[in-house]
Amino acid sequence: MIEIDREKCCGCNYCTLSCAQEALTYHEYQIIVDLDKCIFCGSCVYYCPNTAIRVSRKD
Amino acid sequence: MVMYDFIIIGAGIGGLMAAASLCRDGKKVLVLEKLAFTGGRYTELSYKGYEVTTGSWTSMGIKSHIGRFCEEVGAKVNYITLRDRGQKHQPAPLFKVRFNNQKEIDFFKPLTLSETGLQTESFFQVLMKLIAKNTKITPETSSRDIVEEVTRNETILSILDHMVGTAAGLNIDTLPASELRIILRDVLKTGGKFGFPVGGVKSIIQALERVVLAHGGSIRTCVGVKRIIIEDNVAKGVELETGSTLDAKNIIHNAGAHQFLKLVGSKNLPTDYVRYIKHLKPVDCAAIILGLDKPVTSQCAITIPPDAERVAGVFSPTFFDPSVAPPGKHMIDVFIPLQSHNIKKEMELAWNDLYKLFPNLESLIHMKREMIFYKDWPGAESGQTFGQVGDQRLDPESPIENLYLCGMDCKGSGVAGDLVPVTVQLCLQRIKEKDKKIRVPSIAF
């Protein structure tokens, strides 16, 4: 499960630039996650300066 | 349990500069970075063969504050300068002005241009007036106040507005004249040695890291600090997000004024100190990074578009160093100070500006990325505006003993990121008052 806190996200796009799977895109001023591409590595969490991303394993 | 001499919170350029200097003096230093990468806003993220800036664009070269600090601490960086990119012994121009009719002027050449009706001599008179020691400037004087003593020409005012937008994310009404004077003097000091670091500003970050590591310092990424441990108003260490604690004789905070309040706790700080931080006016800004099949700006570092409504300036890193883009591609960084938080509207205006400025742009775009900086991660938490310039900024010595600060929000002046070494110099000076053995790099500003 990937949650982007829209209140915190400013749109810096560090996450979309760094996602190796290109699973994150910035569209209409919000971050969209493509769950078919996302491998839940959790890297994006460590690219967000506003700690707007939460990743939990799909169980 | 290890006792560090210094724990530095945040591996931004300020934290790494402080670390490099202290490590050289034999101090046991640990730098903790919450993100997966170091450099904060002063680095690049690699994307599809492009080195995309995380905020800063460029340094100003070897004679800038950053250049001189790096040289002092032994951080070796190679630059490609305006002189390198010039022709026939003339450095390439730093600025060009480009109007919507695609007319360009290199306005450091004093000319009267009948086509634009612009007498650029008066531009020089403005510069001289701003720099001159005998021009009376008070803390309340705006940049516009001084400029209008020389000229009220709308085009010149617009050029200066856009230059100030590019340098500070502000305009001639919100940038104090005292700060503009310092910025202009700094730019003139760099001269033809204005240069872009080979490989991007990340080379500066990497050079500083090498100094830290070579002298026994440690840098840890993906490590967030939850709070600074304080006992009887003395900083003792940090507690990490994971719950572990680390001891240190001193802490240097390089993660911004608001994060400082969170890590220390407002109740542990004087009320007026907390109030100052909560009322800081940030610079909210945006960037459009474009990878292009052909260059659109002509041979200069920064293009200033006086007709643009939102775009303040356009920088071309590939003009200096083609290696920051894939082979055969070019890159431009478009800087947009935000005038509202209606981001959709702000960016629409910016794109309109770009299509008017470069009519063939759409067909050349190979890569595009919009980057918006506001909320907790603005362009700068304390913009260089009234009440927040020079000595009005945060003192590197905090109200808590052995707890210091460095970085963009601290005391100092300079062009954007070039302010940071001034804050680090002052931070080290404060530390030296307690520990005479440490050296303070002299950047002679």
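All of the numbers you see were taken from the coordinates with simple rules; none came from a lab. None of these values were measured; they are calculated from a predicted model. Cβ placement follows ideal geometry from the backbone for every residue including glycine, while neighbour counts extend to all protein chains displayed.
Structural remarks
- Alpha carbon convex hull of chain A, projected area averaged over orientations, nm²: 3.6 nm²
- DSSP assigns beta bridges within the protein assembly as shown; of those with both partners inside it, close to 70 percent run antiparallel.
- Residue mean of other protein chain beta carbons inside 10 Å, B:25-36: 2
- Measuring between their Cα centroids, the stretch B:261-313 and the stretch B:198-234 lie 23 Å from each other.
- Of the peptides B:321-329, A:33-41, the ranking by mean beta-carbon count within 10 Å, highest at the top, reads B:321-329, A:33-41.
- For the stretch B:51-104: Kirkwood Rh in Å [reciprocal of mean 1/r, alpha carbons]: 13.7 Å
- With the charge dipole of chain B set up from +1 on Lys and Arg Cβ and -1 on Asp and Glu Cβ about the Cα centre, the Cα lying farthest toward the positive end among the listed residues B:G313, B:I302, B:V420 is that of B:V420.
- Taking other C-beta atoms within 10 angstrom as a stand-in for reagent exposure, B:M1, B:M128, B:M17, B:M60 fall in the order B:M1, B:M128, B:M60, B:M17, fewest first.
- The Rg/Rh ratio of the protein assembly as shown, with both radii computed over alpha carbons and Rh defined as the Kirkwood radius, is 0.96.
- Computed from Cα atoms alone, the Kirkwood hydrodynamic radius reported for the stretch B:295-363 is 12.9 Å.
- In this structure the amide hydrogen of B:I8, modeled in the peptide plane, comes within under 5 Å of the amide hydrogens of B:L30, B:V31, B:L32, B:I252, none closer than 5 places in sequence on its chain.
- Kirkwood Rh and Cα Rg combined as Rg over Rh, evaluated for the stretch B:288-445: 1.09
- Charge dipole (debye, nearest 20) of the protein assembly as shown; +1 at Cβ of Lys and Arg, -1 at Cβ of Asp and Glu: 1160 debye
- Cβ screening of chain B for cysteine pairs under 4.7 Å finds these without a partner: B:C23, B:C70, B:C222, B:C285, B:C300, B:C410.
- Rg and Dmax over the alpha-carbon atoms of chain B stand at 21.8, 74 Å.
- Among the listed pairs B:K76/B:K368; B:K226/B:K375; B:K136/B:K434; B:K226/B:K278; B:K76/B:K262; B:K136/B:K278, those whose Cα-Cα separation exceeds 27 Å are B:K76/B:K368; B:K136/B:K434; B:K76/B:K262; B:K136/B:K278.
- Among the trypsin sites (Lys or Arg not before Pro) in the stretch B:151-213, those placed in a DSSP loop whose Cβ has at most 13 other Cβ atoms within 10 Å are B:R152.
- When only the Cβ of Lys, Arg, Asp and Glu is charged (+1, +1, -1, -1), the dipole of chain B relative to its Cα centre reaches about 940 debye.
- Enclosed volume per residue, in Å³, of the convex hull spanned by Cα atoms of the stretch B:287-328: 79 Å³
- Span from the the stretch B:406-420 Cα centroid across to the the stretch B:348-405 one, whole angstrom: 13 Å
- For B:G237, nonlocal amide neighbours, meaning residues 5 or more places apart or on other chains whose placed amide H falls under 5 Å from its own, are B:I229, B:A248.
- Efficiency of FRET from Cβ geometry, B:E362 and B:D145, R₀ 35 Å, rounded to 0.05: 0.30
- Linear extension gain, B:N268 paired with B:R83, 0.36 nm per residue minus alpha-carbon span: 61.4 nm
- Long-range tail of P(r) for the stretch B:323-397 (Cα pairs > 19 Å, %): 55 percent
- Helices in the protein assembly as shown, meaning DSSP H runs of at least 4 residues, each add -39500 (n - 2.57). Divided by all residues, the mean residue ellipticity at 222 nm is -8000 deg cm²/dmol.
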